[in-house]
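The values are calculated or read from the model by the stated rules, or taken from the named source; none is laboratory data. All values reported here derive from a predicted model rather than from experimental measurement. Neighbour counts run over all protein chains shown; Cβ positions are idealised from the backbone, glycine included. Only protein heavy atoms, including side chains, enter the accessible area calculation; ligands, DNA and RNA are left aside. Shrake-Rupley method; radii C 1.70, N 1.55, O 1.52, S 1.80 Å.
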Amino acid sequence: MDTLRVRTGGAGGPTVLLLHGLGATGAVWDGFTERLDRRWIAPDLPGHGRSGRLKRYSFGAMAGAVAEHLPAGEPVTVIGHSLGGVLAVALASGWYGVEVRRAVAVGVKVEWTDDELAGAAAMAQRPVKVFGSKEEAAQRYLKVSGLGGLMPADPDGLATTGDGWRLALDPATFAVGRPDMRGLLAAAKCPVLMVTGENDPMSSPEQVRALAEHVEVLPGLGHNLHVEDPGTLMDVITRTGGW
């Protein structure tokens, strides 16, 4: 993959790689990076924001695209949300040549019904919708990313067309399907922490605890807990093993 939009900041190591969820951009980590006292990297995942597209989207292809844009030979701590959490655990396998010291997977959906998978496949096939105004497109961005009421729409998540505004998101990203989280966790070569919000409708504490050994449930928080309360997520990561 030729182009991956990458935000960077901070200083000191080890570097923290921050991976957003489906439909969002690296901007979702702004509240978290304000509290981070070390170097960080927050890319727009393939098919999102200002990053390029892939011919076919899979967890492996997306993890590989991220790995290609990381500093060679430098260990990282990876924190990912939802789709990004799956990629964090995939990178922890070492299959992509990245030395991961620790992986934190936040709000990963670990159980899928056939209807949910069919709905995601249908989303991947839908034509791009063009909106008459930037404001309309921004509202759609917030709905698709699940960020409504939590933060403003990232301008990088929108794109202009000759007829109006659209999401920068490639709809084909919805075709990634169901992750084999049990297999990925078994393949991880470093500690993995699973974090879920008590009120996450996509990733219940019971489902995650049935799958993973190291689980933290954050009271009162939902699916986008890294945006809802980045300070609490920071405290949990520090308390359970640091960076």
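Quick one: length gained pulling H69 to A11 fully straight, 0.36 nm per residue minus the C-alpha distance? Spell out each step's value before the answer.
Working: separation 58, 0.36 × 58 = 20.88 nm, distance 1.82 nm.
Net length gain for the segment: 19.1 nm.
Given 20 °C and 1.002 mPa s, compute D for the stretch 186-243 with the Stokes-Einstein relation, Rh being the Kirkwood radius over Cα pairs; round to the nearest whole µm²/s.
D, rounded to a whole number, is 181 µm²/s.
Just to confirm the filter: which GluC sites (Glu not before Pro) across the stretch 137-225 are DSSP coil and have at most 12 other Cβ within 10 angstrom of their Cβ?
E213
Tell me, what is the per residue accessible area of the stretch 1-129 in Å², probe radius 1.4 Å?
Value for the stretch 1-129: 41 Å² per residue.
At 20 °C and a viscosity of 1.002 mPa s, what translational diffusion coefficient does Stokes-Einstein give for the chain, taking Rh as the Kirkwood radius over Cα pairs? Give it in µm²/s as a whole number.
Here the translational diffusion coefficient equals 120 µm²/s.
What is the stretch 111-168 by shape, rounded, prolate or oblate, if you read a ≥ b ≥ c off the alpha carbon gyration tensor as root eigenvalues and call it rounded for a/c under 1.5, prolate for a/b larger than b/c, and oblate otherwise? Intermediate values should be presented prior to the final figure.
Working: a/c = 3.19, a/b = 1.51, b/c = 2.12.
Judged from the Cα gyration tensor, the stretch 111-168 comes out oblate (a/c at least 1.5, b/c at or above a/b).
Pop out the carbon and sulfur fraction of the accessible area of the stretch 153-243 as a percent, whole number, probe 1.4 Å. Before the final figure, lay out each step's value.
Details: 2040 of 4110 Å².
Summing carbon and sulfur atoms, their accessible area is 50 percent of the total for the stretch 153-243.
State the antiparallel share, in %, of DSSP beta bridges confined to the chain, rounding to the nearest 5. Before the final figure, lay out each step's value.
Details: 8 of 29 bridges.
Of those bridges, close to 30 percent are antiparallel.
Could you tell me how many degrees, from 0 to 90 and to the nearest 10, lie between the Cα long axis of helix 59-68 and the main elongation axis, the longest principal axis, of the Cα atoms of the chain?
So the inclination is approximately 80 degrees.
Using the crude model of +1 on Lys and Arg Cβ and -1 on Asp and Glu Cβ, and no other charge, please compute the dipole size for the chain relative to its Cα centre, in debye to 20.
540 debye
Hey, any idea what % of the stretch 1-105's accessible area is carbon plus sulfur with a 1.4 Å probe?
In the stretch 1-105, the share of accessible area belonging to carbon and sulfur is 46 percent.
At q = 0.14, 0.21 Å⁻¹, what base-10 log of I(q)/I(0) does the Debye formula yield for the stretch 1-54 when every alpha carbon is treated as an equal point scatterer in vacuo?
Each listed q maps to, in turn, -0.35, -0.71.
Taking the Cα atoms of the stretch 108-240, report the difference between the largest and smallest coordinate on each principal axis, in whole Å and largest first.
Cα spread of the stretch 108-240 along its principal axes, largest to smallest: 50, 33, 26 Å.
Could you name the aspartates and glutamates in cross-link range of K134, using Cα to Cα under 19 Å and dropping any fewer than eight places away on the same chain?
Those aspartates and glutamates meeting the cut-off are D154, D156, D163, D170.
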